[in-house]
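Note sheet for the following structure.
The values are calculated or read from the model by the stated rules, or taken from the named source; none is laboratory data. Quantities reported herein were computed from a predicted structural model and do not represent experimental measurements. Cβ coordinates were reconstructed from backbone atoms using ideal geometry, including for glycine residues, and neighbour counts include every protein chain displayed. Surface areas here come from the heavy atoms of the whole protein model, side chains and all, with no ligands, DNA or RNA. Shrake-Rupley method; radii C 1.70, N 1.55, O 1.52, S 1.80 Å.
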Amino acid sequence: MKTKNKNISRKKIIVANWKMNPTSASEAKKIFLGIKKELKGVRGVDVVIAPPTPFLAVLAGLKPSSAFFKFGAQDVFWESKGSFTGEVSAKQLKEVGASYVIVGHSERRKLGESNEDVSKKVLAASKEGLRVILCVGEEERDSHGNYLTSLQKEIKESLSGVYGARLGNLIVAYEPRWAIGKTASESIDAEELHAMSIFIKKTLASIYGKKAGLSIPIVYGGSVEPANAAALAKSLVDGFLVGHASLSPGAFAKIVHAVK
Ligand code: PGA
């Protein structure tokens, strides 16, 4: 299959998912300032930094002058306030500088988050005006293609009740779990990613109709590194969700340049 990029006009989104790294605010600042320096003068992409929640305010407080830097959280709760020990609301995340939030990451689903929980989070966050990066992806592959059915189910159930104006805030991140936290050579290849982007687009079109469904950006995550970023960027995706490589300013900048 030919992997020709037909999404050329859409602004690319590159998300740095730092997960539970680094361990101190000063280290977080150092990585962010390193990325900022590496990307000096770059335009035309949205770069979203998603640090651990305690460092959101620290980084947003640096007021990066480059317009394309945005900040994101790695999770959110669906209630807006009240007796929910340990949870953080969408409004509270906005208050500390987040304009994006990752929802339903496989590492959270592994801790027990259900599709129903995820859909409530998507709704609450988008209602509050946050851009939601909804993560979906199969655990493993099988030769009968059952993984496609389970992926479709995950997408549909995670988006249950998400309609209308909320769709404008939605980004779908395709993150096959078998490809997360590995190396570029163990990640998905460009042809396969192209095929999966079409499959996800078709699924979204079946839920929302062609126009609305196809307008939802799709990003890819799972061992995106400088070595595979340019090849993967040729598929139909609108950007990347980058884990381990986003903690290295040099590697992350190479990925951003590859997408541009
Ligand atoms: P990875 O993580 O790039 O380290 O595979 C991606 C993710 O889990 O979002």
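What to note about this one:
- The single condition among (1) within 16 Å of the ligand (Cβ to nearest atom); (2) open to solvent by less than 10 Å² (accessible area, probe 1.4 Å) that Arg109 does not satisfy is (2).
- The range 231-248, residues that are of a type outside the set (A, V, I, L, M, F, W, C) and more than 15 Å from the ligand (Cβ to nearest atom): Lys234, Ser235, Asp238
Each row is one residue, and each column tells you yes or no for (1) in contact with a helix residue (DSSP H, G or I) (Cβ under 7 Å, 6 or more places away or on another chain); (2) within 28 Å of Ala190 (Cβ to Cβ); (3) within 16 Å of the ligand (Cβ to nearest atom); (4) at pLDDT 95 or above.
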residue	(1), (2), (3), (4)
Lys6	no, yes, no, no
Lys11	no, yes, no, no
Ala16	yes, yes, yes, yes
Met20	no, no, yes, yes
Ser24	no, no, no, yes
Gly34	yes, no, no, yes
Val42	yes, yes, no, no
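- Within the range 43-56, the residues that satisfy the criterion of being part of a helix (DSSP H, G or I) and surrounded by 15 or more Cβ atoms within 10 Å (Cβ to Cβ) are Thr53, Phe55, Leu56.
- Total residues in the range 173-193, condition within 17 Å of the chain's Cα centre (by Cα) and away from the ligand (no atom under 13 Å from the Cβ): 1
- Counting only strands (runs of 3 or more DSSP E) that sit completely within the range 62-161, those holding 1 or more residues that are among the β-branched types (Val, Ile, Thr) correspond to 100-103, 131-136.
- Pick from the range 169-184, criterion open to solvent by less than 60 Å² (accessible area, probe 1.4 Å) and assigned to a helix (DSSP H, G or I), ranking: farthest from Gly222 (Cα to Cα): Asn169
- Total residues in the range 121-139, condition within 23 Å of Phe71 (Cβ to Cβ) and surrounded by fewer than 18 Cβ atoms within 10 Å (Cβ to Cβ): 2
- Condition check for Val103 on (1) free of Cβ contacts under 8 Å to residues at least 24 places away in the same chain; (2) surrounded by 16 or more Cβ atoms within 10 Å (Cβ to Cβ); (3) within 16 Å of the ligand (Cβ to nearest atom): one failure, at (1).
- Close Cβ contacts (under 7 Å, 6 or more residues apart or on different chains) running from residues in the range 229-257 that are in contact (Cβ under 8 Å) with a residue 60 or more places away in the chain to residues that are among the acidic types (Asp, Glu) comprise Leu241/Glu175; Pro249/Glu38; Gly250/Glu38; Ala253/Glu38.
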